[in-house]
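The next block holds one structure in the form of structure tokens; read it before the comments.
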Amino acid sequence: MYLSPEKRFVMLFSVSGLAAAHLTAFRLVCGRSSLREIIDLIWVLKKAICLLIIFPLRSSDRTVAGRMASHSHRKWIGLSLPSRGQLAYLCILVALQPHQVNGAKSPQSVDEYLHSQLSEFELLQPARLVSRRSLGSDALPTQHLHFVAFSRQFHLVLKPDRSYASQLHPVVSTLIAQNGSRSELKTKELLEDFFTGYIDDQPGSRVTGYADRHRFHLTVYETDFNVLNIEPLSLLTGNQSEDRTLVYYDSGMNSTEFWCGLHNPSGNETLVETAAAAGSWRRYRRSADLQTSSTRRRVCRLQLIADHAFVAHVGSVSAALKFLIKATDDANRIFFNSVFTTSSGEVNFTAISFEVSSLVAMTGPTAVPASEAMHFNDANIHREVSAYQLLEAFADFRQNGLNLFAHCLNHLVAFRRLKKRLLGLAYQGTQFRSQPGGLCSNPSYSIHGRHTYVARNVGLTTFSNNKGEAISTRQATLVMAHELAHNLGAAHDPPAGECNPGPQQGGHFLMHVKAVTGKDINHSRLSVCSRKAIADVLASREADCFSNKTGQVCGNGRREVGEDCDAGPAGDDCCGPDCRLRPGASCSDANSACCIDCRPAAAGFVCRRAQPLWPCRSDAKCDGRSVACPAPETTAPLANGTSCLRGLGACAGGDCLTRCQLVGKTDCSCPLPADACSQCCRGDRDGDACEPHRDGATAAVRRPDCPEAADFAGGGLTVRMWRLVGRISGESLGDILRCNLVFIVVLLSLLAWVPACCIYEHSTQLSRRARADAVLPVYS
């Protein structure tokens, strides 16, 4: 049966549209593909439909072009309703329209690209960024930077940052060429361009960063949560002839739909150390054991590697290495200022930091035989790659020749397009030495088909999104900090609860499953869940993995051994730039919470509010004598019996104990589905059963976080559905609509287009019948 082109268009468009819609829904629900890949598939289907329409089934209709050029068909292509020629012509235009698969976009202006990344920003011409040098009172050259942005005049006072010189002077920067040959670059030459400073006439402000070829890359902390970023526009565009400077606040960044990955190797893997790996690893362990100190080790030695694509994007080896050093310093602010307390609440860790122990830059792509597995530094930089395969390629120490076992962690910064919209990936640290993953981990066998042993103390960050565009340097730094936290043992924050607050409570924390941008206050903070997980790992791995700090530096804002105070490079009214107290001052407000106007605060002054980590302790108050704020465990306890743990426990002597612990038992998971909403306990004796806690009453004690209507008779299905429904909120529904906007538009257009085509076809058939009836012969 012959089908007209109109009928074939309706049929093919409808079938392909519905198939694409069903495929989209299925793959999105199963999490097997991104929306961008599905939209690309729909676009290809549309092109195929158009090609089928162009070639009619009848042999007399071989070419559309000939028919459109023929005078005999002028009437045919001039119908008022859409005809075959018009449809073919439109389809040719659609098929020829430029569209690249895998999400690559056609070129657009820099301004449009920036607006996709930032809601507010300013571009400064070189003439608007004025710098001059002078000699400070401490004989250090001072750089004065003047510019106007956001209707405000900024005056930054910058001095050479000596803290890098003390920490990185033994560090060797290794350059690896395309043929594998190695050369060294003096790290001292890089450190001469690093600055620290402050905003003139703004006490408490801090500026860190560097200059490269007279281009400044600075982070200005007006306050801890009001951060201004100054960076060369060329870092985003990759165009080294671009001499403008980009200025933006963290709060002006747009939200993104990119993800950070987490890799947790199976605990069932066989951990067999190869000869090369075991030798390096054991030497590292012995050197760590020889470092005896009365103080806890706080430093994780970090090796940073830049692939050739990242080096090419930023323009030079020096620019790449400087970026790595600055990114590490910015990430350190998050960890150094956090307090890590173990799940038991018994051990606190503070001043955790990373120190760069080695810098490696790949100056060209690595030549790899076709028979070998993928190399992390290969030349195929324009195709999307699996983040898991790229991470294992980086971890393949036999193939790449990198010494990955002489360092606490190793981190790759690349410019590669990763599948599934990922921006980073890392192995999660574990507190058990026998399990692979994270800091100082033993190697284990590959789980991605490399048939060899690979390192597990590795992670990676890509500076490119899946479209091949550079992400902002601020987001790249936060992604790097996110992956380092994975290496230390943190998992992604749970989807609900205190570790995943909404925008009104400061937004997501650093370890949210989606890549944060810095827009919200919590983006540069670790949640209590992350801090507990990291503390548990540190408690078991500190002695054999962490090191002592390389050196102390006056002017870094941190009071260290031998210093009276340290208020930063400019000092303050209490502390001088030499880290000594000024005449008449007995303490420094910058370093002591119980110091007010260079004097000890009055007794009763609240120096720290009650913290969620210590739910049974009140606010910390100064005693009027010491300038140190009392430790949380020494503050006044709340009354015994005060509810804590969201109603699952009660305070006793300042500690939060579960109901089971209050009666001398331990908590356990209820074995029967019918008891799933109860709080179950087990006695200390062998053989004691796990039973619901009754607290002296006949009925079992019900968990306050369990839905009242939950029914577990069906094996727990009801409560799972209840939790799923309970997680749906206005915010999450809005996120779903925004993430799937294109799919929703396509689906709605299909719902409107298919009936319209059917109506048109029906009306066409009626017209044909009417014309046929009109020409029938009349017999008398």
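The values are calculated or read from the model by the stated rules, or taken from the named source; none is laboratory data. Quick caveat: nothing in here was measured; it's all calculated off a predicted structure. When we count neighbours, we look across all protein chains shown, and the Cβ atoms used for this are built from the backbone with ideal geometry, even at glycine.
Points to keep in mind about this one:
- The listed residues are 219, 245, 208, 237, and the only one of them that is of a type in the set (Ser, Thr, Tyr), surrounded by 16 or more Cβ atoms within 10 Å (Cβ to Cβ) and touching a Leu at 6+ places or on another chain (Cβ under 6 Å) turns out to be 245.
- Qualifying residue in the range 218-232 (condition: outside any strand (DSSP E or B), within 21 Å of residue 124 (Cα to Cα) and either of a type outside the set (A, V, I, L, M, F, W, C) or touching a residue at least 24 places away in the same chain (Cβ under 8 Å) (or both)): no
- Tally of residues being acidic (Asp, Glu) and modelled with pLDDT under 80 across the range 721-761: 2
- Residues being in contact with a strand residue (DSSP E or B) (Cβ under 9 Å, 6 or more places away or on another chain), surrounded by fewer than 24 Cβ atoms within 10 Å (Cβ to Cβ) and farther than 21 Å from residue 229 by Cα - total across the range 471-507: 1
- Looking only at residues of the range 604-628 that are charged (D, E, K, R) and outside any strand (DSSP E or B), we find that the one that is surrounded by the most Cβ atoms within 10 Å (Cβ to Cβ) is 623.
- Qualifying positions in the range 450-477 - touching a residue at least 60 places away in the same chain (Cβ under 8 Å) and assigned to a loop (DSSP other than H, G, I, E, B): 450, 455, 456, 463, 465, 466, 467, 468, 469, 471, 472
- Qualifying residue in the range 490-503 (condition: assigned to a helix (DSSP H, G or I) and among the aliphatic types (A, V, I, L, M)): no
- Residue within the range 270-279 that is modelled with pLDDT under 65, of a type in the set (S, T, N, Q) and more than 20 Å from residue 481 (Cβ to Cβ) present: yes
- Only one of the numbered conditions (1) part of a strand (DSSP E or B); (2) closer than 19 Å to residue 183 by Cβ; (3) of a type outside the set (A, V, I, L, M) is not met by residue 377, and that is (1).
- Matching entry among 403, 410 (being surrounded by fewer than 24 Cβ atoms within 10 Å (Cβ to Cβ) and either under 18 Å from the mean Cα position of the chain (by Cα) or not assigned by TED's automatic domain parsing to the domain that holds residue 230 (or both)): 403
- Those residues of the range 676-685 which are at pLDDT below 80 and under 18 Å from residue 647 (Cβ atoms), in sequence order: 676, 677
- Single condition residue 534 does not satisfy, out of (1) modelled with pLDDT of 90 or more; (2) farther than 23 Å from residue 460 by Cα; (3) of a type in the set (A, V, I, L, M, F, W, C): (2)
- Matching strands (runs of 3 or more DSSP E) fully within the range 138-202 where at least 1 residues are exposed (fewer than 13 other Cβ atoms within 10 Å of the Cβ), modelled with pLDDT under 75 and not hydrophobic (A, V, I, L, M, F, W, C): 141-149, 182-186
- Any hit, the range 358-373, residues being at pLDDT 85 or above and either in the same structural domain as residue 240 (by TED's automatic domain parsing) or among the acidic types (Asp, Glu) (or both): no
- Qualifying residues in the range 537-577 (those that are among the aliphatic types (A, V, I, L, M) and over 30 Å from residue 499 (Cα atoms)) - the one modelled with the lowest pLDDT: 570
- Residue within the range 650-664 that is touching a Pro at 6+ places or on another chain (Cβ under 9 Å) and of a type in the set (Asp, Glu) present: yes
- Residue, modelled with the highest pLDDT, within the range 120-137, restricted to residues that are outside any strand (DSSP E or B) and either in contact with a Pro (Cβ under 6 Å, 6 or more places away or on another chain) or not charged (D, E, K, R) (or both): 121
- When the residues of the range 360-379 are filtered to those that are in contact (Cβ under 8 Å) with a residue 40 or more places away in the chain and within 19 Å of residue 450 (Cβ to Cβ), the one that is surrounded by the fewest Cβ atoms within 10 Å (Cβ to Cβ) is 367.
- The one condition from (1) in contact with a Pro (Cβ under 6 Å, 6 or more places away or on another chain); (2) free of Cβ contacts under 8 Å to residues at least 24 places away in the same chain that residue 441 does not meet is (1).
- Filtered residues of the range 629-652 (kept if surrounded by fewer than 16 Cβ atoms within 10 Å (Cβ to Cβ) and either over 22 Å from residue 532 (Cα atoms) or modelled with pLDDT under 85 (or both)): 631, 633, 634, 636, 639, 640, 641, 642, 646, 647
- Filtered residue count, the range 654-686, keeping only those that are within 12 Å of residue 701 (Cβ to Cβ) and of a type in the set (Gly, Ala, Ser): 1
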